[in-house]
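Readers should treat all values here as calculations from the given coordinates under stated rules, not as data from a laboratory. Keep in mind it's a predicted model, so treat the numbers as computed, not measured. Backbone-built Cβ (ideal geometry, glycine too); neighbour counts: all protein chains shown.
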Amino acid sequence: MLRRIRVYKALYKKYHDPNSVFIYQMGKVGSTALEQSIDNAIHIHNFYSRTHPCSLRLKGLAGFGWRYYCKRLEQELELLIKRLAFRARAHTKIITLVRPAQERNVSMFFHDLDCYLYALYSNCDRTSTPPLATRTQDPAVLIKAFETHYDHSYPLTWFDYEFKKMTGIDIYAENFDKERGVMYRKNNKYDVMCIDIKQLRDCEKPLSTFLNQTVVLDGANQADHKWYGVLYRQFKKEYVPATQLVKLLSNSKYTAHFFK
């Protein structure tokens, strides 16, 4: 118990540290390279379990039986501590990034590929799709897992369900400069810089000015260099999304605000 209390105190201190800079975004939008280039950076995707980038992994990490409920309580407590520390800060600088929804979804899917394949064969997330027989191992299972078990609307709602809820800032309230790929928003407690990942390399100087420190970006976290790199490249080349999915993403306010 004492060890756990020390862990929670350290977690609160980390998130309350006035020197911390928050890279607060939805995941798979180039944030790892940015984190490694910024002093005192904290990289976070969610302060609420509802907006965890992979709910299957969150629940899977909790284990089984009575341990599941204990671990889930612990996970929620950690999120609560992060929220309390974050909100207790006098002033916070935040960098958030955006990426076209379909690109981001494919990248996130492969990042958590093990979870979605397990869901495909077990239907552990209780979708309307029955579990696939384990003898079915043809390459099309990747497409089936992506289409039936992945939450494609996640990037479309993240700024409303997560970012606005936590900071009070409506990222859609002002126009995004699509040519420069950057916008700034602020309120009494938070200064926000929002960047299009495709123009991140051109933002080293604006980032340095915003943070009052020199920022030099590297090329970390490229999916092509990961174990699933070959599959990832093949999937991006061959996958053709259904018309309904294309409409969902292209007609969203997220896509219209940042990319159209």
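Note on K186: lysines with a C-alpha under 18 Å away, same-chain residues under 8 apart excluded, are K93, K164, K165.
Full-extension gain between Y121 and A33, please, as 0.36 nm times their residue separation minus the C-alpha to C-alpha distance. Before the final figure, lay out the partial values.
Numbers: separation 88, 0.36 × 88 = 31.68 nm, distance 3.37 nm.
Gain on extension, Y121 to A33, equals 28.3 nm.
Under a Cβ-only charge scheme (Lys and Arg +1, Asp and Glu -1), can you give me the dipole magnitude of segment 2-258 about the Cα centre, in debye to the nearest 20? Working shown, then result.
Details: 39 positive and 26 negative charges, 181 e Å.
Dipole size: approximately 880 debye.
Amide H contacts under 5 Å for I23: I42, H43, I44, I95, restricted to partners 5 or more places along the chain or on a different chain, H placed in the peptide plane at 1.01 Å from N. Placing unit charges on each Cβ (+1 for Lys and Arg, -1 for Asp and Glu) gives segment 2-258 a dipole about its Cα centre, and among Y12, F163, L120 the Cα reaching farthest toward its positive end belongs to Y12.
Could you tell me which trypsin sites (Lys or Arg not before Pro) in segment 135-182 are loop residues by DSSP with no more than 10 other beta carbons within 10 angstrom of their beta carbon?
Working: sites: R135, K144, K164, K165, K178, R180; in loops: R135, K178, R180.
Passing both the DSSP loop test and the Cβ count: R135.
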